[in-house]
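A.B. asks: Take this structure, written in structure tokens, and hold onto it; I'll ask about it next.
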Amino acid sequence: MKYYVKETKQGEDLARTAGYKARDDFEAFCERFDIKRLLVTTSVEDRKNLNVFNKLKCHFIIKKNWEDALSSLNKGDDLFIQFPIVEHSLLLAGVFKKAQKKGVKINLLIHDIELFRAMKRENADRKKRFRIQREETDILKIAHKVIVHNSHMRETLKELIDIDDDHMVDLEIFDYLVDDFHYDEVRKHLRKDQPIIIAANLIKEKAGYVYDLPDNQSFNLYGINYTGNETDLIRYHGSFEPEALPYAVKGSFGLVWDGLTSKTCTGVFGEYLKINNPHKTSFYLSSGIPVVIWKQAALADFVLKHHCGIVVDDVKDIHDTLSSLSDEEYQSMLDSTKMLSQKLREGYFTKKAIEACL
């Protein structure tokens, strides 16, 4: 049998999970692919303000919750777990080893790797660094298969923690579920001569590049936490619910960028783009919107391969690149993106990765 794990908080409705859209979408696609749900109920309180003894106690509670859930599995079963675990524990690697000894195959879908991100922050707590390194490394190394974002993440994991090639599967890009999608409603707002779309959390600490945009290109901004000023070239349009956003945005391309400056992608988040599949890319493409992406981003290869956007070194380069792009070339990108959009909304890449694990 094939199962996927759904983590929930005790006493909460099943719809109220700790996951974000990428996690929720994976669960929805698993249901479509006839993979059964295995519920893991988390019964620990918020650990942030607990003393050392009670924090340690939480690790054992989480271990017991997972042991109880996995006890129903049998030899030959496949289990898909989204990673990182929402409620972490230093003891989970032992739980998964025990299940594998019983003949259960543990497969991980990576959303984020804190080994690459939080661990590199200058202000990261030493104890937290040790905990992350121990937890993530132990679990990743024992998995039957690990679904990584792309070949760049694959190579980095091989080098960092020595995972064999045959234990990893490339996802390529995250699928993005959009129910009852109407492409024509989006298409009528897309034109080559329109502004670049930026749809993201616009908080300055993470998206500093939004406050450093060049003055040779117009932009339409969508999202929370914007504190900048509007100009003739920069327009802020507020935030929208995920299901409404595709129909609210207007422009030519969606920008996939990260870091503090628009000149290049810098800092921890910028470096992370070199191995990560940003979910905003999937949002744009699933909505039929071609993208502009940093040339050194891992997904730049995918964008060029599927003819669904352009790559640049610097945001200021967008203007000249678009000036040399013909209407026919832009239409060709729209056509390619439309075809890719359907695959993303149907879970094509998720299904392919799951089948590779099996």
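A.B. asks: Please give the number of the condition Phe181 fails out of (1) modelled with pLDDT of 90 or more; (2) part of a helix (DSSP H, G or I); (3) of a type in the set (Phe, Trp, Tyr).
C.D. replies: Of the numbered conditions (1) modelled with pLDDT of 90 or more; (2) part of a helix (DSSP H, G or I); (3) of a type in the set (Phe, Trp, Tyr), the odd one out for Phe181 is (2).
A.B. asks: Here are some conditions: (1) in a strand (DSSP E or B); (2) open to solvent by 60 Å² or more (accessible area, probe 1.4 Å). Asn220 meets all but one. Which one does it not meet?
C.D. replies: (2)
A.B. asks: Which residues, taken from segment 203-245, are under 17 Å from Thr264 (Cα atoms) and within 21 Å of the chain's Cα centre (by Cα)?
C.D. replies: Listed by number, the residues that qualify are Lys204, Glu205, Lys206, Ala207, Gly208, Tyr209, Val210.
A.B. asks: Within segment 27-82, which residues are open to solvent by 90 Å² or more (accessible area, probe 1.4 Å) and of a type outside the set (D, E, K, R)?
C.D. replies: If the condition is that a residue be open to solvent by 90 Å² or more (accessible area, probe 1.4 Å) and of a type outside the set (D, E, K, R), then Asn49, Val52, Phe53, Leu56, Phe60, Asn74 are the ones that fit.
A.B. asks: Right, another one. Any residue in segment 318-325 that is aliphatic (A, V, I, L, M), closer than 24 Å to Leu115 by Cα and assigned to a loop (DSSP other than H, G, I, E, B)?
C.D. replies: no
A.B. asks: Does any residue of segment 90-98 turn out to be under 26 Å from His279 (Cα atoms) and either open to solvent by less than 10 Å² (accessible area, probe 1.4 Å) or outside any loop (DSSP other than H, G, I, E, B) (or both)? Steps first, answer last, please.
C.D. replies: Of all residues in segment 90-98, those under 26 Å from His279 (Cα atoms) come to none.
The answer is no, given that none of the residues of segment 90-98 is under 26 Å from His279 (Cα atoms) and either open to solvent by less than 10 Å² (accessible area, probe 1.4 Å) or outside any loop (DSSP other than H, G, I, E, B) (or both).
A.B. asks: Against the condition among the small types (Gly, Ala, Ser) and closer than 21 Å to His152 by Cβ, how does Gly288 come out, does it pass?
C.D. replies: Criteria not met by Gly288.
A.B. asks: Would you point out the residue of segment 204-213, among those that are part of a loop (DSSP other than H, G, I, E, B) and open to solvent by 20 Å² or more (accessible area, probe 1.4 Å), that is farthest from Val186 (Cα to Cα)?
C.D. replies: Looking at the filtered set, the residue picked out is Glu205.
A.B. asks: Being within 22 Å of the chain's Cα centre (by Cα), assigned to a helix (DSSP H, G or I) and not basic (Lys, Arg) narrows it down to one of Leu334, Leu344, so name that one.
C.D. replies: Testing whether each residue is within 22 Å of the chain's Cα centre (by Cα), assigned to a helix (DSSP H, G or I) and not basic (Lys, Arg) leaves just Leu344.
A.B. asks: When you scan segment 300-331, how many residues do you find that are over 16 Å from Thr264 (Cβ atoms) and within 18 Å of the chain's Cα centre (by Cα)?
C.D. replies: The number of residues fulfilling the criteria is 3.
A.B. asks: Which condition breaks for Leu73 when tested against (1) touching a helix residue (DSSP H, G or I) at 6+ places or on another chain (Cβ under 7 Å); (2) more than 30 Å from Asp179 (Cβ to Cβ); (3) without any contact (Cβ under 8 Å) to a residue 60 or more places away in the chain?
C.D. replies: Among (1) touching a helix residue (DSSP H, G or I) at 6+ places or on another chain (Cβ under 7 Å); (2) more than 30 Å from Asp179 (Cβ to Cβ); (3) without any contact (Cβ under 8 Å) to a residue 60 or more places away in the chain, Leu73 violates only (3).
A.B. asks: Please go through segment 324-347 and pick out each residue that is in contact (Cβ under 8 Å) with a residue 12 or more places away in the chain, open to solvent by 40 Å² or more (accessible area, probe 1.4 Å) and closer than 18 Å to Gln194 by Cβ.
C.D. replies: Hits for segment 324-347 are Asp327, Ser332, Lys338.
A.B. asks: Run Asn225 past the list (1) part of a loop (DSSP other than H, G, I, E, B); (2) within 25 Å of Ser323 (Cβ to Cβ) and report the number of the one that doesn't hold.
C.D. replies: So the condition that Asn225 fails would be (2).
A.B. asks: State which residue is nearest to the chain's Cα centre (by Cα) when the search covers only segment 135-194 and only residues that are of a type in the set (S, T, N, Q), open to solvent by 30 Å² or more (accessible area, probe 1.4 Å) and over 30 Å from Ser323 (Cβ atoms).
C.D. replies: Across segment 135-194, the extreme among qualifying residues is Ser151.
The values are calculated or read from the model by the stated rules, or taken from the named source; none is laboratory data. Since the structure is predicted, the reported quantities are computational estimates derived from the model, not experimental observations. Every residue, glycine among them, receives a Cβ derived from its backbone with ideal geometry; neighbour counts consider all protein chains shown. Calculation scope for accessible area: heavy atoms of the full protein, side chains included, ligands and nucleic acids excluded. Shrake-Rupley method; radii C 1.70, N 1.55, O 1.52, S 1.80 Å.
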